[in-house]
Every structure is written in C-alpha cells, then in structure tokens.
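Quick notes on the structure that follows.
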Amino acid sequence: MIPFGRFLDLPADEVAALVRAAGQKVVVFPVNGTRRWFMLEHGDSIGGDFFSAYMDASIRNHIELCALLFDHGIHTLLAPVFGRELMRRGDEYTQRVGMDGLVRTATDKTYREFFQKYNVRVRFYGDYRDVLKGTQFEYVLGSLYEVMEATKDNTAFNLFFGVFTDEATATIARLSVEHYLAHGAIPDKSALGRSYYGEDLPPVSLFIG
C-alpha cells in the first residue's frame, strides 16, 4: 500500500501504470454546465459571436479533461452530452450548440488532432438515429458515422459520446423485447449492455458529476 502523501507526489505515468494494472477502467463523465462555466471563465473576453466562442472554448476544455483522465490510466470515457430537451431550447441553440457541436466531432481540427495523438476510438450511443432521422438535422448522422469510421482502428483509448440518452428506461425495454423476439430468451446484463453501447464494456468504475 502506497502512503497517501507519496501517492499524491507520483507522476502521472506512474499513476497510470497503477490504474491499468487493476484492469481497464470506465469513467462516466457527463458534459453539463458548460454555459455557466464559459460565462464564469471567459465572460469578460467574449467577442461578437457568443456561440462560436462558447463552442471553441468548450471543445478545448473537454479535450483537456479527457486527456487528463487518459494520462492517468483511464481507458474508456462515457460522455453523455445532451438529451431530447435540446430540441426544445430554440432553433439557434439547437443548431449551433447541439447539431454543429456533433458535426465538429468529425470536422474540428482540435478534435481530429486529439483523436490522432492519443489514438482514441470514438463511438456514439443513445437514440440519436431515431431522434434525428426524418428531421432537418438528419445530415448530422453522416458526421457521426464519419468520425466513427475514421477512428475505428484506434486502440489506446475509447471516447463514447452519449446522444439522446435521457430515455434509457424505454430504450432498455425496447432492446429487451427485441432480444427476446430474436433469441427466445430474456437478455442478461451483458447482452443488454452490448445492445445499448454497441459492444461489451467493463463495469463503470467512477462517475464524475
């Protein structure tokens, strides 16, 4: 057992080695409160385009936080970003923060460089296909598929964005029925997790609220 004081003095690479030695760790890290954070941290320096400045700063900050966790040995991050309430926040907010933000996971230079440097595989989970299909925002799906395809062979870390995950109970119920109809058996926890996230994941080790 390492004394707590000694642990606090360890460099990040030694902490990462200790974390990885205990097996792959999954951390849930919701993206929330970003507008309040932006106003507190950058309110005095906002230029003419609030949404542009807000998104630029939010993306940089999110990348810094993800890198911090990866540097300390976390293997997979689950990052729920927004739910269906986004669609009720007004056309400009929905477009510029929600939809443009999703598109930027595939097109933003800062994101692309981060995914490449850290060898990050990006996935999306949630009801985003059902919510966006048939709407004026259906084009966003192409960007999501693009970034998943571009990073599918990356192996060092996983970053899973949760998009429209706010009705998980209904989604799990639907997946359970679909599994039973396909296999004639009630799905166990592993099968449900695989259906929900698209693959097997270890249990969550830490939730950062």
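The values are calculated or read from the model by the stated rules, or taken from the named source; none is laboratory data. What you are looking at is a predicted structure, and each value in this text was computed from that prediction instead of being measured. As a convention, Cβ positions derive from the backbone with ideal geometry for all residues, glycine included, and neighbour counts pool all protein chains shown. Quick note on the areas: whole protein, heavy atoms, side chains included, nothing else; ligands and nucleic acids left out. Shrake-Rupley method; radii C 1.70, N 1.55, O 1.52, S 1.80 Å.
Mind checking which pairs have a first residue in the range 164-186 that is closer than 21 Å to ARG129 by Cα and of a type in the set (A, V, I, L, M, F, W, C) and a second that is in a loop (DSSP other than H, G, I, E, B) and open to solvent by less than 40 Å² (accessible area, probe 1.4 Å), Cβ under 7 Å, 6 or more apart or different chains?
PHE164/GLY83; PHE164/GLY126; PHE164/ASP127
Output the residues belonging to the range 64-108 that are under 17 Å from PHE160 (Cα atoms), buried (at least 19 other Cβ atoms within 10 Å of the Cβ) and of a type in the set (Val, Ile, Thr).
Listed by number, the residues that qualify are ILE74, THR76, VAL81, THR105.
Answer yes or no: is there a residue in the range 7-15 that is touching a strand residue (DSSP E or B) at 6+ places or on another chain (Cβ under 7 Å), surrounded by 11 or more Cβ atoms within 10 Å (Cβ to Cβ), modelled with pLDDT of 95 or more and not basic (Lys, Arg).
No, because not a single residue in the range 7-15 is touching a strand residue (DSSP E or B) at 6+ places or on another chain (Cβ under 7 Å), surrounded by 11 or more Cβ atoms within 10 Å (Cβ to Cβ), modelled with pLDDT of 95 or more and not basic (Lys, Arg).
Looking at VAL120 and the list (1) open to solvent by 20 Å² or more (accessible area, probe 1.4 Å); (2) under 20 Å from VAL27 (Cα atoms); (3) at pLDDT 95 or above, which single condition is not satisfied?
All conditions are met except number (1).
Please state which one of THR165, THR169, THR135 is out of contact with any His (no Cβ under 9 Å at 6 or more places or on another chain) and either within 18 Å of ARG96 (Cβ to Cβ) or modelled with pLDDT of 95 or more (or both).
Details: THR165 fails: either within 18 Å of ARG96 (Cβ to Cβ) or modelled with pLDDT of 95 or more (or both); THR169 fails: either within 18 Å of ARG96 (Cβ to Cβ) or modelled with pLDDT of 95 or more (or both).
Answer to the selection: THR135.
Enumerate the pairs (first residue in the range 119-135 and over 16 Å from MET148 (Cβ atoms); second residue anywhere and open to solvent by less than 20 Å² (accessible area, probe 1.4 Å)) with beta-carbon separation below 7 Å, excluding pairs fewer than 6 apart on the same chain, so at least 6 apart or on different chains.
So the pair list comes out as ASP127/PHE164; ASP127/THR171; VAL131/PHE164.
How many residues does the range 36-63 hold that are part of a helix (DSSP H, G or I), without any contact (Cβ under 8 Å) to a residue 12 or more places away in the chain, open to solvent by 70 Å² or more (accessible area, probe 1.4 Å) and not hydrophobic (A, V, I, L, M, F, W, C)?
Selection size over the range 36-63: 3.
Out of the residues in the range 17-35 that are open to solvent by 100 Å² or more (accessible area, probe 1.4 Å) and either among the aromatic types (Phe, Trp, Tyr) or at pLDDT 85 or above (or both), which is nearest to GLU85 (Cα to Cα)?
GLN24
Hey, can you tell me all the residues within the range 167-209 that are hydroxyl-bearing (Ser, Thr, Tyr) and surrounded by 12 or more Cβ atoms within 10 Å (Cβ to Cβ)?
Those that are hydroxyl-bearing (Ser, Thr, Tyr) and surrounded by 12 or more Cβ atoms within 10 Å (Cβ to Cβ): THR171, SER176, TYR180, SER195, TYR196, TYR197, SER205.
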